[in-house]
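The values are calculated or read from the model by the stated rules, or taken from the named source; none is laboratory data. Computed from a predicted structure; not experimentally measured. Note that we place each Cβ from the backbone using ideal geometry, even for glycine, and neighbour counts take in every protein chain shown.
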Amino acid sequence: MSGPPTRLGVIGDPVEHSLSPRMHAAGFAALGLEAAYVSLRVPAVEGAAVEGAMRELAATGGGNVTLPHKGRAALALEEMSDTVRETGACNCFWETDAGQLAGENTDVIGIAEVLERMLDGRAPGEVLILGAGGAAAAAAVAADRLGASAVRIANRTPVRAARLAARLGRNGREARPEPWPAAGTCDVVINATSLGLAANDPLPASFDRVTARVALDLVYAKARVESDACDDPAVGTAWTRAATARGISAADGLEVLVRQGAACYPRWFGVEAPVETLRRALVGTR
Ligand code: NAP
């Protein structure tokens, strides 16, 4: 990119509901950057258009990619990080000084930072991941990076859990597929399914069947971004509330969203993100 950043954005479908524009508008203002952050809908069926949209935004500052295009974005890169290679997914991209399209998977960074905090810096023991899509891949790599003693993957469609475990295995990380619905004892359980996005969704796992010390829901609690009740422990997703009721330390996905967004700033601008500004922009009506 030549010159200061002017236009960044998020590419996805649907993309209208994305909180990234709200978060990054606040972050850019705090840094005194006069750059816009836009939502670009590239229809799911037009995946071939993703690379063009990425190059356009990369030339003016960089951007993010969300569902369903993270895999397609990874394939478009000329320079990819290890986490993109391992997960097969890219959610953050920019242009290098040499004009190459570069990308990172900052979901891995966000999940690892939040887990580390929840675990008070100790290594996770066994980590059970619910789901086998892009978020599950990011969670598996994050858990392994933190030194998990085992990574287990349970998914509604078993073949996808086996495929994800095989992919991680090819990259030197171990994971083992497990039956669905998930059951058993673990240290950390992570919801990386999309269950919880709709109000009447069933829980991704029952705490009658799964015993854990820590539960991280990658779905964020809508109530936290729609009211000022962000610090009320009763506010969470249905699943984190069920965990808390069992005495399990639980968090929803809002802080992961903040951290994955913050991890983009050094890549886009070469500076640290104003993390507290990003967090405050999302939580409540403040
Ligand atoms: P994805 O690739 O579409 O994967 C969706 C997963 O959910 C699959 O494993 C799918 O299982 C499972 N699933 C969907 N409906 C289900 C149902 N009715 N019963 C059981 N399992 C079901 O999506 P993704 O990119 O991995 O994202 C997953 C979630 O993580 C989304 O809610 C996303 O918003 C969230 N996320 C949050 C952050 C954050 O910053 N907080 C970052 C990334 C992702 P099948 O394989 O059987 O279809």
Does segment 33-44 include one or more residues that are within 15 Å of the ligand (Cβ to nearest atom) and aliphatic (A, V, I, L, M)?
yes
So in segment 105-130, with the set limited to residues that are surrounded by 24 or more Cβ atoms within 10 Å (Cβ to Cβ) and over 13 Å from the mean Cα position of the chain (by Cα), which one is modelled with the lowest pLDDT?
Pro124
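Go through segment 178-201 and count every residue that is within 21 Å of the chain's Cα centre (by Cα) and more than 22 Å from Arg213 (Cβ to Cβ).
5
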Are any of the residues in segment 239-258 without any contact (Cβ under 8 Å) to a residue 40 or more places away in the chain and of a type in the set (Val, Ile, Thr)?
yes
Of the residues Leu33, Leu40, Leu77, Leu57, which is more than 16 Å from Gly270 (Cα to Cα), surrounded by 17 or more Cβ atoms within 10 Å (Cβ to Cβ) and over 20 Å from the mean Cα position of the chain (by Cα)?
Leu57
Give the residues of segment 191-208 that are loosely packed, with under 13 Cβ neighbours inside 10 Å and at pLDDT 95 or above, sorted by residue number.
Pro202, Asp208
When (1) on the phi > 0 side of the Ramachandran plot; (2) free of Cβ contacts under 8 Å to residues at least 24 places away in the same chain; (3) not polar (S, T, N, Q) are applied to Arg170, the one that fails is (1)
In segment 248-284, residue modelled with the lowest pLDDT [restricted to those that are part of a helix (DSSP H, G or I) and more than 16 Å from the ligand (Cβ to nearest atom)]
Arg280
Testing Ala212 on (1) away from the ligand (no atom under 11 Å from the Cβ); (2) surrounded by fewer than 15 Cβ atoms within 10 Å (Cβ to Cβ); (3) at pLDDT 95 or above, one condition comes back false. Which one is that?
(2)
Expected single match for over 20 Å from Tyr220 (Cβ atoms), buried (at least 17 other Cβ atoms within 10 Å of the Cβ) and not hydrophobic (A, V, I, L, M, F, W, C) among Gly12, Gly62, Gly27 is Gly62
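Going through segment 215-227 one residue at a time, which ones are in a loop (DSSP other than H, G, I, E, B), under 17 Å from the mean Cα position of the chain (by Cα) and more than 7 Å from the ligand (Cβ to nearest atom)?
Ala221
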